[in-house]
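Student: Pasting in a structure now, in structure tokens, and then I'll have a few things to ask.
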Amino acid sequence: MKMNNAIKRKLIQIAAFGFTNSHLGNFAGGKLYTGKWKQFCNPGLNCYSCPAATLACPIGAMQAVAGSMQYNFSFYVVGFLLAAGVLLGRFVCGWICPFGLVQELFYKIPSRKYRLPKLFTYVKYGILVLFVIVLPVTATNYMGMGKPAFCQYICPSGTLFGGIAMTATHPELRTAAGPLFLLKISILVLTLLACVPVFRFFCKTLCPLGAIYGLLNKISIYHLEVDKQSCIQCGKCARTCKMDVDPVAAPNSAECIRCGACAAGCPKQAIRLGITVAKSTPQHTKPPTS
């Protein structure tokens, strides 16, 4: 019996969340895992400072290198993101991002549901440029070191997985954080509240990692295809999509997280997600002449 796509995706999300945050015992003392796995980046958004985190956050790592006194370019992190984006696109967001799972759980809370105007989806590109690229290089301290601006001022994932746990176990951090921590808590609360009526509010509007993967969606090897001959233009796929994408009009939209809901709901099975292997055109030979 074939497993339902939604159930399969949820199981993979839970498994990815569990692997990403496997050191649960560290929560008791507010310690961080610093083993060999921490030198590698998680494809999704998960805070380095989460006590249970197994991997590093690519956005945090990118800012840390760019904001160093040497203003280095993080070839490893950028290369990793490009490789993940070219291979999978926003499949990462839809299937293995820990904070994506959290948002979807909040969306399950009963309430009236809304769709955001498309203009809001462009905000994350501004955040990517300003808070991830520009500020870590330009807003430096007296030693010439930049701040990880997105992590420090915005990231609700970092606040949820790292900030709350660390300040709860280290009173000195609460004193040092002061008003900044209140700002981060406010952003987290507002983000999670917004995720109740709006599916993946953070992914749609604020996530710089989603912005990077979204830019690579059109060229990603794993992608969405629509069989225009089988499609009956019923519009069910567009109504089904919680990311507000019309798969027929824009099959590789920057907002598509490859969740597969449109393919599962298509009455003609005209939508396919996967890797396309080019098929060779059969050669027709002329019949022998007598």
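The values are calculated or read from the model by the stated rules, or taken from the named source; none is laboratory data. Just so it is clear, the structure is predicted and the values come from calculations on it, not from any experiment. Neighbour counts are summed over all protein chains in view; Cβ atoms, including those assigned to glycine, are modelled from backbone coordinates with ideal geometry. When the accessible area is computed, the model is the full protein with side chains, heavy atoms only, and any ligands, DNA or RNA have been set aside. Shrake-Rupley method; radii C 1.70, N 1.55, O 1.52, S 1.80 Å.
Student: Please work out if residue 25 is at pLDDT 90 or above, touching a Ser or Thr at 6+ places or on another chain (Cβ under 8 Å) and not in a loop (DSSP other than H, G, I, E, B).
Tutor: no
Student: Could you give me the residue pairs with C-beta distances under 7 Å whose first residue belongs to segment 211-237 and is closer than 13 Å to residue 257 by Cβ, whose second residue is among the polar types (S, T, N, Q) and part of a helix (DSSP H, G or I) wherever it lies, and which are 6+ apart or on separate chains?
Tutor: If the second residue must be among the polar types (S, T, N, Q) and part of a helix (DSSP H, G or I), no pairs are left.
Student: Can you tell me which residues in segment 167-190 are at pLDDT 90 or above, crowded, with 16+ Cβ neighbours inside 10 Å and aliphatic (A, V, I, L, M)?
Tutor: 185, 187, 188
Student: Step by step: first the residues of segment 1-20, then only those that are among the polar types (S, T, N, Q) and open to solvent by 10 Å² or more (accessible area, probe 1.4 Å), then the one that is farthest from the chain's Cα centre (by Cα). Which residue is that?
Tutor: Among them, the one singled out is 4.
Student: For segment 36-60, what are the residues that are open to solvent by less than 90 Å² (accessible area, probe 1.4 Å) and without any contact (Cβ under 8 Å) to a residue 12 or more places away in the chain?
Tutor: Scanning segment 36-60 gives no hits.
Student: Can you tell me which residues in segment 244-259 are surrounded by fewer than 20 Cβ atoms within 10 Å (Cβ to Cβ) and among the small types (Gly, Ala, Ser)?
Tutor: The answer is 249, 250.
Student: While we're here: List every residue pair whose Cβ atoms sit under 7 Å apart, with the two residues 6 or more apart in sequence or on different chains, where the first one lies in segment 75-88 and is modelled with pLDDT under 85 and the second, anywhere, is exposed (fewer than 14 other Cβ atoms within 10 Å of the Cβ) and not acidic (Asp, Glu).
Tutor: Between residues of segment 75-88 that are modelled with pLDDT under 85 and residues that are exposed (fewer than 14 other Cβ atoms within 10 Å of the Cβ) and not acidic (Asp, Glu), there is no close pair.
Student: Mind listing just one residue for me: the one in segment 155-166 that is of a type in the set (Gly, Ala, Ser) and more than 22 Å from residue 126 (Cβ to Cβ) and, of those, surrounded by the fewest Cβ atoms within 10 Å (Cβ to Cβ)?
Tutor: Selected residue: 165.
Student: Let me ask something else about it. Just checking, does segment 191-207 include any residue being in contact with an Asp or Glu (Cβ under 9 Å, 6 or more places away or on another chain), modelled with pLDDT of 95 or more, of a type in the set (Phe, Trp, Tyr) and surrounded by 14 or more Cβ atoms within 10 Å (Cβ to Cβ)?
Tutor: Yes - at least one qualifying residue is present in segment 191-207.
Student: Are any of the residues in segment 103-125 within 17 Å of residue 14 (Cα to Cα), of a type in the set (Phe, Trp, Tyr) and modelled with pLDDT of 95 or more?
Tutor: yes
Student: Oh, and also: Restricting attention to segment 21-30, report how many residues are without any contact (Cβ under 8 Å) to a residue 60 or more places away in the chain and either surrounded by 14 or more Cβ atoms within 10 Å (Cβ to Cβ) or in contact with a Lys or Arg (Cβ under 9 Å, 6 or more places away or on another chain) (or both).
Tutor: So the count comes out to 4.
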